[in-house]
Amino acid sequence: MARRIAYTGPPVLTLEQVAFQCRAEPEDLQSELIDLIIIPGVTAQGESKTGAAIREAIYEEDWPATYASGHSLDVGQVVAVESVIVLGEAGQVSPYDGPVELRQGGKESYLLFPGGRPAGRLRIRYRAGADLEAYPGVLSWLLIAAETAFTHRGLLVVGQSLAEVPASFVDHLLADITVPPRF
């Protein structure tokens, strides 16, 4: 299971975009609510629903020795591999400096080792984030979710978090980046 280390890209929506979607002026909206709860909340929901990174971030995942070259990475929309580290049985760590190749599938990304996969467990660090120009439906979903969350904030914003936006017909807008379920 990959873990997000840190977001590296800007938020995927702006206050101005959300205001336009809500048919309001930015100064008429509660900017802190939009910037600190709604935008991060709908981004997290989209990422959770799809298994893909929407906002660019650094991720790290550990591969057991049984994962062969060409195995899929856990998070979709990977744009670059930052590093591969070989984890020794006794806790020693050594960087892998051989060639790696990132192969983009339709929804998943695969890591290949053209010179042969190093033996043992691996820790892979990579950067991932969706290209919203290539997937405009994802941007539409985010805007619709943000508008829904703002319009129904009394029902959806609970304390300092955002309850899940109700499932609806618009979820197919995320289909282009949704990673298939794994067993």
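How many residues does the stretch 45-71 hold that are without any contact (Cβ under 8 Å) to a residue 60 or more places away in the chain and either closer than 27 Å to TRP141 by Cα or of a type in the set (D, E, K, R) (or both)? Total meeting the criteria: 2. Just wondering, is there one or more residues in the stretch 83-104 that are within 17 Å of ALA175 (Cα to Cα) and open to solvent by 20 Å² or more (accessible area, probe 1.4 Å)? Yes, the stretch 83-104 contains at least one residue that is within 17 Å of ALA175 (Cα to Cα) and open to solvent by 20 Å² or more (accessible area, probe 1.4 Å).
VAL170: open to solvent by less than 30 Å² (accessible area, probe 1.4 Å), in a helix (DSSP H, G or I) and modelled with pLDDT under 85, yes or no? Criteria met by VAL170. Residue selection: ALA175 fails the criterion of being open to solvent by less than 60 Å² (accessible area, probe 1.4 Å), over 30 Å from TRP63 (Cα atoms) and at pLDDT below 90. Just one of the listed residues (GLY106, GLY116, GLY137) is farther than 29 Å from GLN45 by Cβ and not in a strand (DSSP E or B), and it is GLY116. GLU47 meets all of the listed conditions (1) within 23 Å of PHE150 (Cα to Cα); (2) over 10 Å from the mean Cα position of the chain (by Cα) but one, namely (2).
The values are calculated or read from the model by the stated rules, or taken from the named source; none is laboratory data. Worth saying up front: this structure is predicted, and the values here are computed from it rather than measured. Heads up, the Cβs are rebuilt from the backbone with ideal geometry, glycines too, and the neighbour counts pull from every protein chain shown. Only protein heavy atoms, including side chains, enter the accessible area calculation; ligands, DNA and RNA are left aside. Shrake-Rupley method; radii C 1.70, N 1.55, O 1.52, S 1.80 Å.
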